[in-house]
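Reviewing the structure listed below.
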Amino acid sequence: MRGPFNVLLIDDCEPVRDSLREYLTDCGWTARGAESADAAFGQLEAEPADVVVVDLRLPGLGGEGFIRQASLRWPKTRYLIFTGSADYEMARDLAANPSVVGEVLLKPLLDLNVLVQAIEKAMGEVR
């Protein structure tokens, strides 16, 4: 299913966050960024997202903790893990969570269309 989708990107690295946001905006989607789980909660309160792309290593509450809490409050939102940890294995409770996309995206993404395709696939599963 083709967008446009409303995407929230959570990454504490501003250049990564900004480049992903700009790319998705250029694709015609609504994309915004947050530097931490706390900032993301505030943004989701103001405007829910279709998909949240979550880095695992965040200041304060990490990405997994964010997903666990956010998926209870926004269960229709899809959560996509984006990490630089090549050896990451998704925790069982996250893998069993229907809001969490099973595919894990690894940094750096050499082709940003991989992100677009992952978001489209995630949204196609629920619409």
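Computed from the coordinates by the stated procedures, all read-outs in this text should not be read as laboratory data. Note that the coordinates shown come from a computational prediction; the quantities given were computed from them, not determined experimentally.
For the reader, a short list of remarks on this structure follows.
- Put simply, the C-alpha atoms of the range 34-127 give a gyration tensor, and the ellipsoid matching it has half-axes of 18, 16, 14 Å, longest first.
- Relative contact order (%) - criterion: Cα under 8 Å, at least six apart; region: the range 36-127: 26 percent
- Centroid-to-centroid separation of the range 68-127 and the range 2-53 [C-alpha atoms, Å]: 13 Å
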